[in-house]
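The values are calculated or read from the model by the stated rules, or taken from the named source; none is laboratory data. These numbers were taken from a predicted model, which means no experiment stands behind them. Counting neighbours? That spans all protein chains shown, and the Cβs are built from the backbone with ideal geometry, glycine included. These area figures cover heavy atoms from the full protein model, side chains too; ligands, DNA and RNA do not enter into them. Shrake-Rupley method; radii C 1.70, N 1.55, O 1.52, S 1.80 Å.
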Amino acid sequence: MKKIALLGECMIELNGEPFGNMRQTYGGDSLNTATYLARVSLPEKIAVYYVSALGTDKLSQGMLEHWQADGIHTDWVLRDENRTAGLYLIQLDKQGERTFLYWRNQSAARYLLQHTDYPAVLKQLKAVDMLYLSGISLAILSEKDRTLLIQQLAELKKSGVKIAFDSNFRPKLWDNLKQAQDSYKQLLPLVDIALVTFDDEQLLWNDTDEQATIARLSQFGIDTIVVKQGSRGAVFYQNGKQTFVPTTKINNVIDTTSAGDSFNAGFLSGYLQDKPLEICCLQGNQLAGIVIQHKGAIIDKSATEHLRNQFN
């Protein structure tokens, strides 16, 4: 069995039109990936753990129970009596593209590293095969905690834990561009698998194309680089070789909210089973192609049930 821990924040999601029909659920990039990874994996092959903090209120408890029902291990989700989960609102245009409004400044996850039980969780993370985090996982922390987390990741890497990273750049979460770039530069030398979206890399680094992204990331010594390109598919780079993996055209795009996160889940399901990277990317494309045909970050479980047999 492989053990993977995903670190980040999950928030309450409101999806719909303000003062109109509004649906309440939950989502967050790392939790989205954890959910889909747990759904398409056999528990005897891949154990999926989430690392975060929630409140002790009913909404937080409800979220936790949903994660458990999806097969996510929540032993390392800490409870904060003084804070709750953050909140975000998704608004969609006619093409299914989304914009977000956030209320997260006092969310429990932002203070994860300051929780009295966090050192015990950190100690247990040395036993996992992989730790996954994103640019959002970094951005929500204070500068002091962000620096501390990167130091802790360096120690985990020395213990043999592989580090997977999705850059997932969100400008509004950073004070300025340089702050984000400096934080990424500190983290990237520790990364074994980079799962990035070209649009984010272009926005953050002004990359001209995927070759520029790969060239820049490879300078950090990253073993495996995957550049997601939305409807075009993905490019992966390993051992000096670059390979393009196209995706099947989706005509009924409803909501692209969790496209990259679900791709990561499909990819990691294959990677943790030692499948060729091309197969991993095909799995990522297939899972994302299903997710974007539904509303919300976390779609109904029944829509992806058939993939468990295909991916294992």
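Observations on the model:
- Per residue, the Cα convex hull of the chain amounts to 127 Å³.
- Across the chain, the mean sequence separation of Cα contacts (distance under 8 Å, 6 or more residues apart), normalised by length, yields a relative contact order of 17 percent.
- Region 79-166: trypsin sites (Lys or Arg not before Pro) in DSSP coil with no more than 16 other Cβ atoms inside 10 Å: LYS94, LYS126
- Projected area, mean over directions - region 262-312, Cα convex hull, nm²: 3.2
- Antiparallel bridge percentage (DSSP; both residues within region 149-288; nearest 5): 60
- Each listed q (0.15, 0.18, 0.25 Å⁻¹) maps to a log10 I(q)/I(0) for region 187-264, found by the Debye formula over equal Cα scatterers with no solvent: -0.52, -0.74, -1.28.
- Estimated FRET transfer efficiency when R0 is 25 angstrom, pair LYS2-LEU101 (beta carbons, to 0.05): 0.10
- Region 204-263-region 49-71 distance, computed between alpha-carbon centres (Å): 31
- Convex hull projection area averaged over all views, region 155-300, Cα basis, nm²: 9.4
- Taking every protein chain into account, the accessible area of the chain amounts to 44 square angstrom per residue (probe 1.4 Å).
- For region 220-289, the spread of Cα coordinates along the three principal axes comes to 37, 21, 20 Å, biggest extent given first.
- Set of lysines with alpha-carbon distance to LYS295 below 19 Å, sequence-local pairs under 8 removed: LYS94, LYS249
- Among beta bridges from DSSP that stay inside the chain, the antiparallel ones total about 45%.
- Difference of contour (0.36 nm per residue) and Cα-Cα distance, ILE279 to ARG308: 9.0 nm
- Region 41-196: C-alpha gyration tensor shape, a/c 1.5 cut-off, then a/b vs b/c: rounded
- Computed over the alpha-carbon pairs of region 99-142, the distance histogram in 10 Å steps reads 21, 47, 25, 7 percent, short to long.
- Each residue of region 221-260 gets 62 Å³ once the volume of the Cα convex hull is shared out per residue.
- The stretch between GLN124 and LEU177, if pulled fully straight at 0.36 nm per residue, gains 15.7 nm over its current Cα-Cα span.
- Over region 107-190, the ratio between the Cα radius of gyration and 2.2 N^0.38 Å evaluates to 1.06.
- Cross-link pairs LYS123/LYS275; LYS45/LYS185; LYS228/LYS301; LYS2/LYS301; LYS158/LYS178; LYS275/LYS301 - those with Cα-Cα distance over 31 Å: LYS45/LYS185
- Comparing ASP182, ASP57, ASP192 in a Gaussian network model of the chain where C-alpha atoms under 10 Å apart are linked, the largest mean-square fluctuation is found at ASP182.
- Value of [θ]222 nm, deg cm²/dmol, for the chain, DSSP H segments ≥ 4, -39500 (n - 2.57) each, nearest 500: -11000 deg cm²/dmol
- For the chain, a simple Cβ point-charge model (Lys and Arg +1, Asp and Glu -1, everything else neutral) yields a dipole of about 280 debye relative to the Cα centre.
- Just so you know, the Cα atoms of region 28-75 work out to an Rg and Dmax of 10.7, 33 Å.
- Computed extension gain for ARG216 through ARG79, at 0.36 nm per residue and net of the alpha carbon distance, reaches 45.4 nm.
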